[in-house]
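Everything below concerns the one structure shown next.
Taken together, the values in this text are just the output of simple stated rules run on the coordinates, not laboratory data. Bear in mind the structure is a predicted one, so any value in this text is a computation, not a measurement. Because the Cβ atoms are built from the backbone with ideal geometry, glycine has one as well, and the counts that use them run over all protein chains shown.
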Amino acid sequence: MTIIASLLRGAQLPDSPTARLDIELLLAAAIGKSRSYLHTWPERIVTSEAANTFAGYLQRRLAGEPVAYILGQQGFWNLDLEVAPHTLIPRPDTELLVETALALLPSTPARVLDLGTGTGAIALALASERREWRVTAVDRVLEAVALAERNRQRLQLDNVSVLNSHWFSALDGQQFELIVSNPPYIAAEDPHLVAGDVRFEPSSALVAGADGLDDLRQIIAKAAQHLVPAGWLLLEHGYDQSAAVRELLAQHDFEQIESRLDLGGHERITLGRLTC
């Protein structure tokens, strides 16, 4: 016979910086309860099936697999999203992109584009807060498109359209008041690619050439064709890329250019407004 308190005491994840949280999330999922249940009812008996499921989850986490992939879900903004190994795991720092986008336009009808949507996190967060906006979410990976669409349907966000497109390739003639993107921005030889949770995430959603700027260059170069006059472009990038992104925006007729800090104090997003 095994009880919740015993499983919590015995579980170890020595290489995880969030070991206690990971353990609680995995155990709660294994027994089909909330994390608060673990602390409210620590003496409750866990079935052998649930204990075995928990042990399997722990082994996967010990091997480095992210908790989000093990459980198939991740919270972002005020949403619970399905995630899978062919998309990036939404991260808290990216909520700065959502927060900034919401402040750029009023709560009136607008056309918004999310490039490289992955799970749909950014597009769905924006659409959940601005029901008047029409949000188009695109991704070149068909599995990501299907995943974002499942998230859209489950959240019942009818003001979002999910399309298969490599950046702007399927958007000829379409223009938007706001374009947002969290594109790949890691350099090909960056040592972070072989460390931690990132090892399990798709390299196509992470790596962008020798300096990490290849996709940002493409987006910035073509964005003007898909923005209305005075439209906004809002981009997430690497912690040391803000100066380069600001320069690229300035080269392509953007003004009111600025970068903003993430939770760790790094310049993580940069925005600019197309010259009228």
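What FRET efficiency would be calculated for the residue pair residue 41, residue 62, taking the C-beta separation as r and a Förster radius of 22 Å, to the nearest 0.05?
0.25
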Exercise for review: Show the residues, 5+ positions off or on another chain, whose built amide H is closer than 5 Å to the amide H of residue 231.
Suggested key: 274
**Study point:** Within the chain, helix-based [θ] at 222 nm, where runs of 4 or more DSSP H residues each add -39,500 (n - 2.57), nearest 500
**Key:** -10500 deg cm²/dmol
Check your understanding: For the residues 135, 228, 46, what sequence is obtained by ranking on other C-beta atoms within 10 Å, fewest first?
Key -> 228, 46, 135
Point to revise | Relative contact order (percent, whole number), the chain, Cα cutoff 8 Å, 6+ residue spacing | key: 13 percent
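What GluC sites (Glu not before Pro) does segment 1-57 have in DSSP loop regions with at most 15 other beta carbons within 10 Å? Numbers along the way, then the final one.
Numbers: sites: 24, 43, 49; in loops: 43.
When the GluC sites (Glu not before Pro) of segment 1-57 are filtered for loop state and at most 15 Cβ neighbours within 10 Å, 43 remain.
Taking every DSSP beta bridge with both residues inside the chain, roughly what % is antiparallel (nearest 5)? Intermediate values should be presented prior to the final figure.
Working: 17 of 38 bridges.
The antiparallel fraction comes to roughly 45 percent.
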Practice item. Please say if segment 77-274 is rounded, prolate or oblate, where rounded means a/c under 1.5 for a ≥ b ≥ c the square roots of the C-alpha gyration tensor eigenvalues, and otherwise the choice is prolate for a/b larger than b/c and oblate otherwise? Key: rounded
Practice item. Can you tell me which of 157-164, 175-182, 5-12 comes out highest on packing, and rank the rest after it, using the mean Cβ neighbours within 10 Å? Key: 175-182, 157-164, 5-12
Point to revise | Ranked 236, 143, criterion: other C-beta atoms within 10 Å, fewest first | key: 143, 236
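About the Cα centre of the chain, what is the dipole size in debye to 20, counting +1 per Lys and Arg Cβ and -1 per Asp and Glu Cβ, all else neutral?
Numbers: 23 positive and 35 negative charges, 163 e Å.
Rounded to the nearest 20 debye, it is 780 debye.
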Exercise for review: Could you tell me which of 73, 63, 216 has its Cα farthest along the dipole of the chain towards the positive end, charges placed at Cβ (Lys, Arg +1; Asp, Glu -1), taken about the Cα centre?
Suggested key: 73
